[in-house]
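Coordinate-derived values only; no laboratory data. A quick note: this is a predicted structure, and the numbers were derived from the prediction, not measured. Glycine gets a Cβ as well: all are built from the backbone with ideal geometry, and neighbour counts include every protein chain shown.
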Amino acid sequence: MTSTETAVKAAWKALDEDRDYATRLTQELVRIPSVNPKFVADPEQNRESAVQDVVERELKALDMSINRWDVFENRPNVVGDLEGSEERSLLLCGHIDVVPVGERSAWTVDPFGGEIKDGRLYGRGAVDMKSGVAAAIAAVRAIRRAGVELDGRVSIHSVVDEEAGGFGAMDAVRRGHLAKAAIITEPSWGEIQPCEGGLEWIRVTIAGRQGHSAWRYNEIWPQRDEPARLRPAANAIDIAARFIEALRQFESSRCRMRQHPLLPPGMNTINVGVIRGGAGLGPDGLPLIMTNPAIIPDVVVIDLDYKFLPNQTSKEIRAEFEAFVHHFCQQDLWLQEHPIKVEWELGGLHFPPMDTSPDHPVVQSLFKRRTEAGGKPKIAGFVAVADAAHYAGAGVDAVICGASGDGFHGTDEYVDIASLEETTKTLAATIIDWCGVR
């Protein structure tokens, strides 16, 4: 069988003959709780290894060679490969860790029940993104069942820890599990998403000088500067308030000045996520005392979620932000002598930008095949970040394409089954388009 179109028709026929496979597999995966243990430590909920057992079973049934290793203790990645040429190699990636359920009483279904009703499959991880893993496996399974022999190598990456920064995918990349192109099967609601902005987590530490709150007047009200005057304190929280206001103006100006054609204006935001202020700096880099308002605080620690555009580089935005901080400090005598400290890659988190051309053959194939499968796709950017970033950072041409649903990171999460079937057909056809047939 050498005709691409003949191969696609054969793969779609195989899917139609067992159209519930991706749904059944998603249901099985959802019923195994795999909450990321960095959020909730509970052996009954932290069963990523059991999920990967199912994934490995399915990949072995496709005669894929298997690489399985622990990224963290009892938290394995699984990579399956079908041999082929590297020039036309393709990897499909999905993560199997999920966020916590939250308040169970807010759910109207069992979060790990995999209940199906009204064309929806419910449960934590249903759309984010165990259905994406199932769709990738189902697509390769259909190709195998149709007897199609691919020219290029095709790989399936089932990784852990995406919800806490993507350290599973990062480890796969570090170990050399790469390809010429990649499809990340995150939910994309019918869109083909060839780009996403980068993301940095930054810690900003502002130093002040401790003092007794009763002498605050000595700090803020004009005093005669004479030998008997007590040394003024410097309230780090006051400085932080000014800094945050200046940061908001900086954020606004950079959002106005720079945009990307596939992303909504202003997506390159700087979120002030966590603030801690108090007295004394502990060995963990955080204030020691945060319970006594009678102390003028001498330290504030601010953690920022800093997004930037697909067509920017980490080096560029780091230089830009550090220049902003430097100029802010130069406007204050205290900060000139005690400059604000900036720490990058807080918690080891860093997402490179992804900016694959909309004209890339994989992007165009996904668009064409999704249309043929009954969808109405459009090419757009991904406003959040996903594991696609880590492959893109290693030079892989990556794109996001997955199913539709809702409730991700919320309650009553579900995947739309019709969109799952459409996604599986789209993936199968694009694998054939890109990898080619012998």
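Remark: relative contact order (the chain) = 26 percent; criterion is Cα-Cα distance under 8 angstrom and separation of 6 or more residues. Each Lys and Arg adds +1 at its Cβ and each Asp and Glu adds -1 at its Cβ; summed about the Cα centre, the chain shows a dipole of about 480 debye.
My understanding is that a pair violates if its Cα-Cα distance is over 28 Å; which of LYS9/LYS130; LYS378/LYS425; LYS13/LYS117; LYS315/LYS378; LYS117/LYS307; LYS60/LYS425 do that in this structure?
Exceeds cut-off: LYS315/LYS378; LYS117/LYS307.
Go ahead and run the numbers for FRET between ASP53 and ALA241, Cβ-Cβ distance against an R0 of 60 Å, rounding to 0.05.
The computed FRET efficiency comes out at 0.70.
Residue order for VAL160, VAL383, fewest other beta carbons within 10 angstrom first, comes to VAL383, VAL160. Taking packing as the residue-averaged number of other Cβ atoms within 10 angstrom, the listed peptides 142-151, 10-19 run from highest to lowest as 142-151, 10-19. Across region 208-216, computed HN-Hα scalar couplings (Karplus, 6.51 cos²θ - 1.76 cosθ + 1.60, θ = phi - 60°) run x, 9, 5, x, 7, 4, 5, 9, 4 Hz from first to last residue, x flagging Gly and Pro. Residues HIS212, HIS260, ranked from the fewest to the most other C-beta atoms within 10 Å, line up as HIS212, HIS260.
Which one of MET64, THR356, ALA142 has its Cα pushed farthest toward the positive end of the charge dipole of the chain, where Lys and Arg give +1 and Asp and Glu give -1 at the Cβ? Positive-end residue among those listed: THR356. Scanning residues 5 or more positions from PHE408 or on other chains, those with amide H under 5 Å from its amide H are TYR414, with H placed 1.01 Å from N in the peptide plane. As a ratio to 2.2 N^0.38 Å, the alpha-carbon radius of gyration for region 198-350 is 1.19. Overall dimensions of the chain, expressed as equivalent-ellipsoid semi-axes from the Cα gyration tensor (√(5λ), whole Å, largest first), are 49, 23, 18.
Spatial offset of region 371-438 relative to region 46-96 amounts to 18 Å, using the alpha carbon center of each. Would you mind calculating the relative contact order of region 198-350 from Cα pairs under 8 angstrom and at least 6 residues apart, reporting the percent as a whole number? Taking the mean separation of contacting Cα pairs over the length of region 198-350, I get 40 percent. Springs join every pair of Cα atoms under 10 Å in this Gaussian network model of the chain, and among LEU90, LEU346, LEU59 the largest mean-square fluctuation is at LEU346. Compute the relative contact order of region 1-135 as a whole-number percentage, counting only Cα pairs closer than 8 Å that sit 6 or more residues apart in sequence. For region 1-135, the relative contact order is 28 percent. Since only GLY102, MET290, VAL51 are under comparison, the one whose Cα sits farthest along the positive direction of the charge dipole of the chain, derived from C-beta charges on Lys, Arg, Asp and Glu, is MET290. If R0 is 35 Å, the Cβ-Cβ spacing of ASN67 and LYS378 corresponds to a FRET efficiency of close to 0.45.
The angle between the Cα long axis of helix 417-435 and the main principal axis of the chain comes to about 80°, on a 0 to 90 degree scale. Here THR356, THR430 are placed in order of increasing Cβ neighbour count within 10 Å, fewest first, which gives THR356, THR430.
The modelled label-to-label distance between ARG229 and ASP412, using points 7 Å beyond Cα along the C-beta direction, is 6.4 nm.
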